[in-house]
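For reference, the structure is listed below as structure tokens.
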Amino acid sequence: MRFSSETRQSLKTSSAVEEARRKQREANCATARSNLDVIDRNARIRIEENGEQRYLSPEEIAEKRAEFERIAEENCGPEEQ
């Protein structure tokens, strides 16, 4: 089967986009899992906010955990079509 040069270029671009999306998903997955590991290992989480350090409240930690679990769920499994 022969494709026109426009079709070949479109296929290359599509492949590059898919590869970039796959790499971004892998990075998101790794970051979410790492953040969940930090939350699991530490009772107190210190952050810098507006140039000042403070600890997250238990409620904020629960919110962060839910956020990172959602990100992991979206990015660590097979991509849905």
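Every number here is computed from the coordinates shown, using simple stated rules; none is lab data. Computed from a predicted model, the values in this text were never measured in an experiment. Quick reminder, even Gly has a Cβ in these numbers, built from the backbone with ideal geometry, and neighbours come from all protein chains shown.
Ordering Ala66, Gly77, Ile39 by the projection of their Cα atoms onto the charge dipole of the chain, which places +1 on the Cβ of Lys and Arg and -1 on the Cβ of Asp and Glu, puts Gly77 at the extreme positive end.
For the chain, take the alpha-carbon Rg, divide it by the Kirkwood Rh, and send me Rg/Rh.
1.26
Which trypsin sites (Lys or Arg not before Pro) from the stretch 42-81 combine a DSSP loop assignment with at most 15 other Cβ atoms within 10 Å? Hits after loop and neighbour filter: Arg44. Along the chain, counting only GluC sites (Glu not before Pro) with a DSSP assignment other than H, G, I, E or B and at most 14 other Cβ atoms inside a 10 Å radius, the longest segment between sites is 1-78.
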